[in-house]
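Trainee: Take this structure first; my questions come after.
What follows is calculated from the coordinates using simple rules that are stated; it is not laboratory data. If you're wondering where the values come from, they're calculated on a predicted model, not measured in any experiment. No Cβ is skipped: glycine too gets one built from the backbone with ideal geometry, and neighbour counts run over all protein chains shown.
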């Protein structure tokens with residue numbers, strides 16, 4: 001089990017090292033979805049501590065990863081709108097952690113999936129990139 005975890009860490013680090021900016025954004029969204037799923041599983045299991053950890057990690061991914069990577073100088077209105085969206089997502093995570101309502105988490109997950117889908121389309125098509 002330890003070897004598998006080590007391999008996973010090396011695999012993730014290698015993916016990050018070889019990734020371009022667009023790939024990194026996609027990875028951040030995927031990791032955010034992982035944390036949302038962990039938070040859901042913890043809530044279903046009534047594991048408040050695990051819910052808090054998953055929520056904190058999700059907020060950190062949003063704040064330090066997604067918000068931190070925005071380029072508002074080049075991204076203009078798109079970057080500003082993404083920043084607003086990310087702020088709302090952090091608020092939704094906080095509200096979920098406080099109240100444990102799965103519908104809050106489901107709405108957030110759907111929003112993240114929608115935006116991730118757009119990023120994946122950009123990555124596949126090589127089109128104009130949002131300022132993240």
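Trainee: Using Cα pairs closer than 8 Å and at least 6 residues apart in sequence, work out the relative contact order for region 35-117, in percent.
Mentor: Numbers: 58 pairs, mean separation 23.2, N = 83.
Taking the mean separation of contacting Cα pairs over the length of region 35-117, I get 28 percent.
Trainee: Once you have the Cα-Cα distance between residue 64 and residue 88, take 0.36 nm times their residue separation minus that, and quote the gain in nm to one decimal.
Mentor: That works out to 7.2 nm of additional length.
Trainee: Per the Kirkwood formula on distinct C-alpha pairs, the Rh of region 20-125 is how many angstrom?
Mentor: Values: mean 1/r = 0.0714 Å⁻¹.
Computed over Cα pairs of region 20-125, the Kirkwood hydrodynamic radius comes out at 14.0 Å.
Trainee: So between residue 106 and residue 45, what do we pick up on full extension, going 0.36 nm a residue minus the alpha carbon distance? Working shown, then result.
Mentor: Working: separation 61, 0.36 × 61 = 21.96 nm, distance 1.64 nm.
Using 0.36 nm per residue and subtracting the Cα-Cα distance, I get 20.3 nm.
Trainee: Sort the following peptides by mean Cβ neighbour count (other Cβ atoms within 10 Å, averaged over residues), highest first: 26-33, 100-107. Provide the component values of the computation, followed by the final result.
Mentor: On the way: 26-33: 18.5, 100-107: 14.9.
Output ranking for 26-33, 100-107: 26-33, 100-107.
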